[in-house]
Amino acid sequence: MKIPYGNADFADIRRRGMFYVDKTPFLAELENDELGYKFLIFLRPRRFGKSSLVSLLENYYGMHRVNEFDELFRGLWVHEHPTPEKNKYLILTLDFSQMGAGGGSRERLEESFLDAMRSSVKTLCLRHRDRFPELGKMYSELMIYKSATGMLADLLGIAAGLGEQIYILIDEYDTFANDLLSAGNVDLYAAVTDKAGFVREFYRAIKVGTRSGAVGRLFVTGATPILLDDLMTGFNIVTNISNRARFNALVGFTRADVERAVDELLASRPELSAVEGIGDRAKLLEVLEQYYDGYRFSPMATERVFNSDLVLHFLRDLADLGAYPTQMLDPNARTDYRKLHALWATAGKAPEERRQVLETVLNENHVWSDLVEQFGRKTISTTSQFVSLMYYTGMLTLSTDPPEGILVRFETPNRVIRELGWEHYAQLLQDLEGVDLTGQPVSVALRTMAKTGDIGPLLDVLRENVLKVLGLKDLRRYNEKSMKMLLIGAIVPTGMFYVLSEKEFAQGYTDLFLSPMPQLPNGKYAWIIELKYLQATATEAHVRAAVDEAEGQLRKYSSDAQLLPMLTRGLELKAGTLVFVGCKDVQWWPFTAPRD
């Protein structure tokens, strides 16, 4: 099995016989003029297969591929069900994913925009200059153009004169805008998207081309709707199909797709069947589902989809290493937290309000909000915009709960995103509070807990990195819940422990249950931790009373003869109470289960 990880070139994938999930049944839907599907925008999180989709459209609709239809599409649905517009168009594919933010310079940004346009027009002209001499002439004059809009206008004029139509494909339309806003270049963003800005002019030229008939179809992809709102005045021709149920699986993998991928991999690599935990097909699918499934992009969608990039990352490492990836989240898919936080901040909500939303999501695994499909820099800031941005960036998805009025329930899609959420929370704590729980000391301390059963190094880290810092701040809003959030935010990103919070044991709920990750060698100890937070003025008697209360709970948990062995998986169990006494101290009170 040839795994096309990192390869979005449809023609190359097909010619090399690589694994491919057939998305061609959607082509008939995309041509559905009765539903107005002609000028479209389609939003999905980063690295979800959008570029592969754009490549499919380019190869199917481009007249330059007319003699390669059988080679590229044999065995796919559309080969037996070709649509009326097959190989009908000149294709202009614009990829703005690499367009720089210009370093704060409008001139550099406009030049980058022009370079991207010139490269795409060059490809179009080279493909067709023998058939259409007018395009050959334009090719020879490409370096004369000083603006992308002027170049586009001339190209559309040539197409109209030839009686041909262009299918414009724009991949990652919003990347440069998100980069500008993330970097705080709001003024530059405003300058290039306002009425006189070159970005607004460019999209206005596309609109003019749809009226003349030169633009036959348009398909735009991106991650967020931020730029869309600021373009709408001059570009109100597009239909946003991002949340239409019929296109829920337009990118990504379905459960059936993942099952086929697993079966093909195991068939091509029979030696993997002998590897513990891998040869078990059901277990392998369960792991893929837990880590990469769960995305739902319409309240009416009947099926969830997997992140295709992450599935391919997992399968590639499995085939290469004969083991699970050391990082279940593909490093290439990890969005830099500062950039993501800065992008979230464009929703306009104060950092503390964003923190509250993130805490709600991490604690309750869901949040109710309306889904905002279009907003920009001039839109009045709302919490709904921030929740919607988390959705568009892949940190949330739509649950199966029915909407309540305009409100829909958002939830974390899977384990890898939940762990990433905790990582972002830990970094947000560092930004807001100066609490650093992301460095090597935390990882070393937690490794010691897992391997030797010694919690002492973790207490030292908490005293040095937490209590000293928080001691200088207003502690009135800190409580047991705050400290538990802080601890989980420190533990999860290290990859040392799998964390369960409020897990039900023997008719009670433990604050934290920690089990060493399977990939941690020689992890010997699981932990049950009850957490107490007392005011700095608490006496020894107050501490003792809190510990006595906690030990009553621990006694119940340690007697759960059914659940405890299943969770500890034969590991030795450590249990006790972690007591924060304001910011004066943190104490560990070990618990020893009474012997029968």
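The values are calculated or read from the model by the stated rules, or taken from the named source; none is laboratory data. This one's a predicted model, so the numbers in the text were calculated from it and none came from an experiment. Glycine gets a Cβ as well: all are built from the backbone with ideal geometry, and neighbour counts include every protein chain shown. Ligands, DNA and RNA are excluded from the accessible area calculation, which covers all protein heavy atoms including side chains. Shrake-Rupley method; radii C 1.70, N 1.55, O 1.52, S 1.80 Å.
Some points to look at:
- Any hit, the range 421-431, residues being surrounded by fewer than 16 Cβ atoms within 10 Å (Cβ to Cβ), part of a helix (DSSP H, G or I) and modelled with pLDDT under 95: yes
- The range 133-162, residues that are open to solvent by 20 Å² or more (accessible area, probe 1.4 Å) and either assigned to a loop (DSSP other than H, G, I, E, B) or within 22 Å of Leu109 (Cα to Cα) (or both): Glu141, Met143, Ile144, Tyr145, Lys146, Ser147, Thr149, Gly150, Ala153, Asp154
- Of everything in the range 1-21 that is assigned to a loop (DSSP other than H, G, I, E, B) and of a type in the set (A, V, I, L, M, F, W, C), the residue that is surrounded by the most Cβ atoms within 10 Å (Cβ to Cβ) is Ile3.
- Residue match in the range 207-221 (condition: open to solvent by less than 50 Å² (accessible area, probe 1.4 Å), within 30 Å of Ala323 (Cα to Cα) and under 28 Å from the mean Cα position of the chain (by Cα)): no
- The range 305-349 - residue that is charged (D, E, K, R) and within 30 Å of Leu429 (Cα to Cα) and, of those, modelled with the lowest pLDDT: Asp336
- Residue that is surrounded by the most Cβ atoms within 10 Å (Cβ to Cβ), among those in the range 445-467 that are free of Cβ contacts under 8 Å to residues at least 24 places away in the same chain and not small (Gly, Ala, Ser): Leu458
- Count of the range 14-50 residues which are without any contact (Cβ under 8 Å) to a residue 12 or more places away in the chain and touching a Phe, Trp or Tyr at 6+ places or on another chain (Cβ under 7 Å): 0
- Of the residues making up the range 82-141, those that are at positive phi and touching a helix residue (DSSP H, G or I) at 6+ places or on another chain (Cβ under 8 Å) are Asn87, Gly102, Gly104.
- Number of the condition not met by Ala261 [criteria: (1) more than 18 Å from Tyr5 (Cβ to Cβ); (2) touching a helix residue (DSSP H, G or I) at 6+ places or on another chain (Cβ under 9 Å)]: (1)
- Residue pairs meeting the criteria (Cβ under 9 Å; at least 6 apart or on separate chains; first farther than 27 Å from Gly49 by Cα and open to solvent by less than 80 Å² (accessible area, probe 1.4 Å), in the range 257-276; second of a type in the set (Lys, Arg) and not in a loop (DSSP other than H, G, I, E, B)): Ser273/Arg281
- For the range 432-444, filtered to residues that are assigned to a helix (DSSP H, G or I) and at pLDDT below 85, the residue that is least open to solvent (accessible area, probe 1.4 Å) is Glu433.
- Cβ pairs under 7 Å, 6+ apart, first in the range 210-225 and at pLDDT 95 or above, second of a type in the set (Lys, Arg) and buried (at least 20 other Cβ atoms within 10 Å of the Cβ): Thr221/Lys50
- Odd one out for Ile237, checked against (1) modelled with pLDDT under 95; (2) within 14 Å of Tyr37 (Cα to Cα); (3) open to solvent by less than 20 Å² (accessible area, probe 1.4 Å): (3)
- Of the residues screened, Arg415 is one that is within 14 Å of the chain's Cα centre (by Cα), open to solvent by 20 Å² or more (accessible area, probe 1.4 Å) and not polar (S, T, N, Q).
- As a summary of the residue check, Gly252 satisfies the conditions (1) at positive phi; (2) open to solvent by 70 Å² or more (accessible area, probe 1.4 Å); (3) not aromatic (Phe, Trp, Tyr) except for the one numbered (2).
- Of the residues making up the range 560-580, those that are open to solvent by 80 Å² or more (accessible area, probe 1.4 Å) and either more than 38 Å from the chain's Cα centre (by Cα) or acidic (Asp, Glu) (or both) are Ala561, Glu572.
- Residue count for the range 22-52, restricted to those that are aliphatic (A, V, I, L, M) and open to solvent by 10 Å² or more (accessible area, probe 1.4 Å): 2
- Residues in the range 581-596 that are part of a loop (DSSP other than H, G, I, E, B), open to solvent by less than 70 Å² (accessible area, probe 1.4 Å) and closer than 18 Å to Val543 by Cβ were compared, and the one that is modelled with the lowest pLDDT is Cys583.
- Summed over the range 71-85, residues that are open to solvent by 20 Å² or more (accessible area, probe 1.4 Å) and more than 15 Å from Phe10 (Cβ to Cβ) total 5.
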